[in-house]
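Encoded as structure tokens, the structure appears first; notes follow it.
The values are calculated or read from the model by the stated rules, or taken from the named source; none is laboratory data. All of these numbers come straight from a predicted model, not from anything done at the bench. Virtual Cβ from ideal backbone geometry, glycine too; neighbours counted across all protein chains shown. All accessible areas refer to the heavy atoms of the entire protein, side chains included, with ligands and DNA or RNA removed. Shrake-Rupley method; radii C 1.70, N 1.55, O 1.52, S 1.80 Å.
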Amino acid sequence: MKLILLGPPGAGKGTQAKMLTEKFSIPQISTGDILRAAVKAGTTMGLKAKEFMDAGGLVPDEVVVGIVRDRLQEVDCENGFILDGFPRTVAQADALQVSLQKMDKELDHVISLDVDAEALVERLTGRRTCKDCGRGYHISFDPSKVEGVCDVCSSELIQRDDDREDTIRKRLQVYASQTEPLINYYRETGVLIELDGMQQIKLVQEQILARLQAS
Ligand code: AP5
Ligand code: MG
Ligand code: ZN
């Protein structure tokens with residue numbers, strides 16, 4: 001199964017990707033997670049990327065395209081993958097097409113999650129993430145059992161640097177201008193599955209699985 005999860009910041013891409021990873025035993029490839037790991041490791045690429053990320057902008061296409069091209073060659077992608085947060089521009093989508101063609105692979109589906117802007121702000125300001133295992137939570141919609149502590153590994157839950165309201169609004173603008181055009185891009189190729197991401201996490205999950213099984 002070769003999937004893309006498409007949607008604005010806070011749509012639930014990471015939340016749903018984690019579920020799909022377990023269900024289909026295929027890796028989640030989140031360019032955001034890979035970039036944050038590079039920032040944490042203090043690599044040259046990470047330091048450069050951090051400036052764009054903290055400003056709510058996009059990291060240059062050539063950087064992320066290179067990351068994904070390399071990642072898709074790894075053995076765990078042989079049976080499929082879930083791209084979360086990539087592609088985000090038409091240039092990235094075109095580059096992905098070229099990479100897949102070279103590997104003789106084809107996308108199965110692009111799942112697009114639609115959520116209202118105000119709900120996105122609420123989701124992102126309330127998001128917490130485990131600093132060790134990366135499990136995501138929401139203080140109201142998906143709380144951990146003990147406040148501030150991960151259910152899975154007992155590590156501390158932290159807030160992402162770019163989940164401040166001003167940065168969130170900038171990210172939403174960037175999504176509308178640079179990434180939203182990809183909905184039409186993939187609609188035209190016939191692989192798009194559009195879902196209402198305003199529903200509860202569990203319901204969105206069930207609908208994704210139903211649509212994947214139906215096609
Ligand atoms: P990235 O990490 O990809 O961030 P994003 O796209 O802004 O998306 P988020 O991770 O914020 O949201 P999500 O959809 O994963 O939502 P989640 O499941 O966590 O990218 C960060 C930055 O890196 C970018 O701004 C850019 O600078 C750079 N970058 C990354 N990829 C790039 C690329 N390809 N090109 C260039 N630059 C790139 O859910 C959010 C919250 O809501 C959670 O708390 C969750 O519990 C809750 N929630 C989820 N679903 C529901 C629901 N159905 N109902 C209620 N609450 C819900
Ligand atoms: Mg995410
Ligand atoms: Zn954890």
task = Starting from segment 110-215, pick out the chymotrypsin sites (Phe, Trp or Tyr not before Pro) whose DSSP state is loop and whose Cβ has at most 13 other Cβ atoms within 10 Å.
result = none
remark   = For the chain, percent of DSSP beta bridges that are antiparallel (nearest 5) comes out at 35
note = Toy charge model, Lys and Arg Cβ at +1, Asp and Glu Cβ at -1: segment 39-124 dipole around Cα centroid in debye, rounded to 20, equals 380
Distance violations [Cα-Cα > 21 Å] among Lys40/Lys131; Lys2/Lys40; Lys13/Lys170; Lys23/Lys202; Lys13/Lys48; Lys18/Lys105 = Lys2/Lys40; Lys13/Lys48; Lys18/Lys105
inquiry  = Quick check on the chain: take the gyration tensor over C-alpha atoms, sort the square-rooted eigenvalues as a ≥ b ≥ c, and tell me if it's rounded (a/c under 1.5), prolate or oblate.
reply    = rounded
query = Mind listing the phi-derived Karplus ³J(HN,Hα) values for segment 135-148, rounded to whole Hz, using 6.51, -1.76 and 1.60 with θ = phi - 60°, and x for any glycine or proline?
reply = 4, x, 9, 9, 4, 10, 8, 7, x, 6, 5, 10, 4, x
note = The answer for Ser30, listing residues at least 5 apart or on another chain whose modeled amide H is closer than 5 Å to its amide H, is Asp84
note = Result for the chain: accessible area per residue, probe 1.4 angstrom, in square angstrom, of 53
task = May I ask for the distance between the Cα centers of segment 165-209 and segment 12-91, given as a whole number of Å?
result = 16
inquiry  = What's the magnitude of the charge dipole for segment 89-181 around its Cα centre, counting Lys and Arg as +1 and Asp and Glu as -1 at the beta-carbon? Answer in Debye, nearest 20.
reply    = 240
note = Shape call for segment 146-215, from the Cα gyration tensor axes a ≥ b ≥ c (a/c under 1.5 means rounded, otherwise prolate when a/b beats b/c, else oblate), comes out oblate
inquiry  = In the chain, once you exclude exposed GluC sites (Glu not before Pro) (DSSP loop, at most 16 other Cβ within 10 angstrom), what's the longest stretch remaining?
reply    = 1-73
request  = Quick one: which residues, 5+ away or cross-chain, put their amide H under 5 Å from the amide H of Val149? H built at 1.01 Å from N.
outcome  = Leu157
ask   = Between the DSSP loop rule and a limit of at most 16 other Cβ atoms within 10 Å, which trypsin sites (Lys or Arg not before Pro) in segment 58-124 are left?
value = Lys105
note = Taking the dipole of the chain about the Cα centre (Lys, Arg +1; Asp, Glu -1; charges at Cβ), the one of Ser112, Leu20, Gly190 that reaches farthest to the positive side is Leu20
Global geometry of segment 20-114, whether rounded, prolate or oblate, following the gyration tensor of its Cα atoms and the 1.5 cut on a/c = prolate
ask   = With charges only on Cβ, +1 for K and R and -1 for D and E, what is the dipole size of the chain about its Cα centre, in debye, rounded to 20?
value = 280
query = Where the accessible area of segment 61-157 is counted over protein heavy atoms with a 1.4 Å probe, how much of it, in %, is carbon and sulfur?
reply = 46
